[in-house]
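The values are calculated or read from the model by the stated rules, or taken from the named source; none is laboratory data. Since the structure is predicted, the reported quantities are computational estimates derived from the model, not experimental observations. All Cβ positions, glycine included, derive from the backbone under ideal geometry; neighbour counts span all protein chains shown. Surface areas here come from the heavy atoms of the whole protein model, side chains and all, with no ligands, DNA or RNA. Shrake-Rupley method; radii C 1.70, N 1.55, O 1.52, S 1.80 Å.
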Amino acid sequence: MSIYPSQTKSNTEYRRRENDWRLFLRLVPYARSSGKLLAISMLLLVPIAIASAIKPMLVGQAISLIRKEPSTYQFLQNMPLWQGLNILIGMLLIATIIRLVLTGVQGYLVQKLGQKITAAIREDLFDHITSLAVRFFDRTPVGKLITRLTSDVESLGDVFSTGAVGIISDLLSMVVIVGLMFSIQWQLACLLIFILFPVTWLMIYFQQQYREANYKTREELSKLNSQLQENIVGINVVQLFRREKFNAELFRVTNQHYVKEVDTSIWYDSAVSSTLEWVGLVAIAGVLWLGGWLLLDKQITFGILSAFILYAQQFFEPLRNFAEKFTVIQSGFTAIERVVDILDEPIEIKDYSQTQDSIVDFEFGYINEIVSKLESQDFTPIPALGEIKFENVSFAYKDDDYVIKNLDFTIHPGEKVALVGPTGAGKSSIIRLLCRLYEPTQGRILIDGVDIRKIPQAELRRYMTVILQEAFLFAGDVKSNITLGDNYSFAEIQQAAEKTNVAEFINQLPQGYDTQLRERATNLSSGQKQLLAFARAAIRNPQILVLDEATASLDVRTEALVQEALNQLLIERTSIIIAHRLSTIRNVDRIFVLKRGELIEEGSHEELLQQGGFYATLHNLQMLGT
């Protein structure tokens with residue numbers, strides 16, 4: 001039975017090494033895109049390693065030359081002392097200059113490479129996150145995503161720049177040093193190599209412990225950022241309900257956990273440095289002991305012993321650097337793991353594979369029909385655009401917890417339909433499914449006879465526009481918040497504003513359409529934000545318009561102006577209106593009454609009142625409330 005634990009541990013370590021290698025390979029394409037930069041950086045490592053490694057040898061030769069020892073190079077033995085020393089000093093100076101200049105250049109190139117990799121990964125991660133379904137954001141804290149995009153991504157660039165390239169540099173330096181040591185004196189070289197093995201084992205152990213501690217540190221940092229983001233966004237609720245002290249205590253506990261994990265990772269990181277410091281001293285002592293014995297036995301000279309004392313110091317310097325770089329890589333692997341978790345998150349809602357065919361079917365299907373009718377002189381009416389059909393649609397945010405059940409209805413082109421029902425009836429879920437923010441669990445949704453899963457998302461969301469109860473505005477000017485990056489002329493922006501009766505409000509702003517909005521548009525009122533959302537919808541001239549309690553934030557006067565504009569905007573457009581105030585939907589063509597995700601009643605305002613069902617009860621309760 002005792003065999004199994006060791007086998008399990010061995011398998012775990014193997015999987016970890018295999019996983020680390022796979023994680024590293026995920027970065028290779030990013031480095032390959034800057035291959036020229038990487039190649040130059042790697043080539044510069046060779047002269048840097050040689051220039052660094054020959055310095056102890058030159059110092060040893062200077063001592064041998066002064067003492068006129070037989071280990072002095074032949075070409076120096078026939079020269080006057082000062083001439084030979086000048087040559088050695090010149091070579092030492094040249095080696096130092098070469099090392100300093102090339103190290104500076106190589107360091108710049110490596111940092112530039114790291115920044116390029118970091119920027120590319122950050123862009124890919126942002127693109128991927130913004131392509132994920134809303135369901136992903138329902139279960140993922142915003143602070144966690146911010147940590148991935150900031151501190152985690154920064155660590156990734158260091159894996160290649162400071163980490164991988166630095167480790168290759170240190171390994172190359174050690175190889176050159178080992179080669180030179182064996183060319184000078186093999187016994188002392190073997191001694192330093194022998195000391196290297198236990199140090200390597202200790203270093204690997206400490207690094208594994210550091211990796212685990214670093215992962216926990218980053219997890220705690222994500223929690224910390226999540227709490228920060230939550231409290232900043234919800235500052236109104238925090239202060240209104242006097243939760244400052246309570247939330248501060250929660251934050252203090254999370255912060256303490258974070259500090260504890262940071263302390264653990266620092267301890268293991270420091271353990272590597274202190275171990276190498278002691279080993280460096282032991283190596284020098286070992287060289288002095290063995291070198292002294294060989295010197296007394298006249299097997300080596302003072303020059304060789306001096307060179308090896310310097311090599312004993314220099315030999316463990318790359319190892320110390322290697323340990324620091326290895327720490328960076330371990331931290332980077334932790335970051336890669338966390339970033340890859342996001343990059344590997346499947347995109348739940350994708351465009352249909354036959355995208356181009358879908359565009360043709362959807363956007364140009366009716367044009368083709370018109371052409372064919374004209375050619376055949378068939379002047380029967382062309383079907384209007386904007387039909388919406390739900391066929392046995394069911395939907396659950398969680399398994400088997402259905403919020404919509406077997407919805408089966410058709411909204412005809414140009415028809416105005418209202419969705420009413422108590423909170424949790426499924427009204428907003430219907431809109432999310434129609435906009436394809438979520439996929440139906442069962443059934444399908446068709447627009448103009450085409451399954452929305454076969455319509456490209458960009459085309460689908462151009463074809464319809466949704467005005468939410470709370471408009472979200474971006475930092476920037478008023479114009480950009482109406483166009484949202486689409487190419488509309490200033491005349492079109494003004495026309496959309498005038499069409500929705502919001503031009504007067506915009507002209508009253510300090511710089512009109514060029515007025516800069518702060519983050520979350522805190523320099524505008526809720527009603528003003530909503531007015532811009534109407535202009536945003538009007539400029540796109542959608543075939544389908546969805547209003548989710550869109551006038552709830554407006555005062556009576558402004559609502560009257562917007563309602564007048566809406567009456568014009570809704571002409572010959574299919575529209576879906578979600579409303580809690582039943583008085584605002586009396587003039588719609590049909591009303592769908594929902595309860596617990598099911599369509600229980602359907603008809604006009606008068607028809608539903610005459611039926612005396614659930615809608616009539618809601619209406620009577622609201623009338624009593626007024």
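Here are some notes:
- Segment 443-564: relative contact order in percent, alpha carbon pairs under 8 Å with at least 6 residues between: 39
- Percent accessible area from carbon and sulfur atoms, segment 259-342, protein chains only, probe 1.4 Å: 65
- Cα long-axis angle, helix 81-131 against the chain (0 to 90 degrees, to the nearest 10): 20
- Length added when fully stretched, D451-F136, from 0.36 nm per residue minus Cα-Cα: 111.1 nm
- Contact order relative to length of segment 186-279, as percent, for alpha carbon pairs under 8 angstrom and 6 or more apart: 52
- Only helices enter this figure: runs of n ≥ 4 DSSP H residues, each worth -39500 (n - 2.57), summed and divided by the residues of the chain, yield -22000 deg cm²/dmol at 222 nm to the nearest 500.
- Straight-distance crosslink candidates among lysines, where the alpha carbon sits under 17 Å from K223 and sequence neighbours closer than 8 are dropped: K144, K260
- Cβ-based charge dipole, the chain, positive-most Cα from W201, A62, V403: A62
- Normalised contact order of the chain, rounded percent, pairs of Cα under 8 Å and 6 or more residues apart: 13
- Of all DSSP beta bridges in the chain, antiparallel share, percent nearest 5: 55
- Rounded to the nearest 20, the Cβ-based charge dipole of the chain about its Cα centre (Lys and Arg +1, Asp and Glu -1) stands at 2400 debye.
- Options A312, L192, V262, ranked by Cα towards positive dipole end of segment 182-313, top entry (Cβ charges): V262
- Taking Cα atoms only, the orientation of helix 3-32 departs from the longest principal axis of the chain by about 80 degrees.
- Projected label distance in nm at E317 and Q187, using a 7 Å step from Cα toward the beta-carbon: 2.7
- Aspartates and glutamates with Cα under 18 Å of K298, excluding same-chain neighbours fewer than 8 positions away: E69
- Positive end of the dipole of the chain (Cβ unit charges, origin at the Cα centre): among T483, S173, Q495, the Cα lying farthest that way belongs to S173.
- Within the shell defined by Cβ-Cβ distances under 12 Å, the residues around Q106 carry a net charge of +2, with Lys and Arg each +1 and Asp and Glu each -1.
- Note on the chain: Cα-Cα pairs beyond 46 Å make up 43% of the total pair count.
- Put a plus charge on the Cβ of each Lys and Arg, a minus charge on the Cβ of each Asp and Glu, and nothing anywhere else: the dipole of segment 503-597 about its Cα centre is then about 400 debye.
- Put simply, the C-alpha atoms of segment 469-626 give a gyration tensor, and the ellipsoid matching it has half-axes of 34, 16, 13 Å, longest first.
- Pairs exceeding a 31 Å alpha-carbon distance, out of K216/K398; K36/K454; K499/K595; K416/K499: K36/K454; K499/K595.
- Report note on the peptides 421-427, 56-62, 290-296: ranked by the mean count of other C-beta atoms within 10 Å, highest first, their order is 56-62, 421-427, 290-296.
- Ratio of Rg to Rh over segment 142-295 (Cα coordinates, Kirkwood Rh, two decimals): 1.22
- Computed label-point distance, nm, for sites R22 and I97 using a 7 Å Cα→Cβ extension: 5.2
- Computed from Cα atoms, the angle from the helix 166-184 axis to the main principal axis of the chain rounds to 10 degrees.
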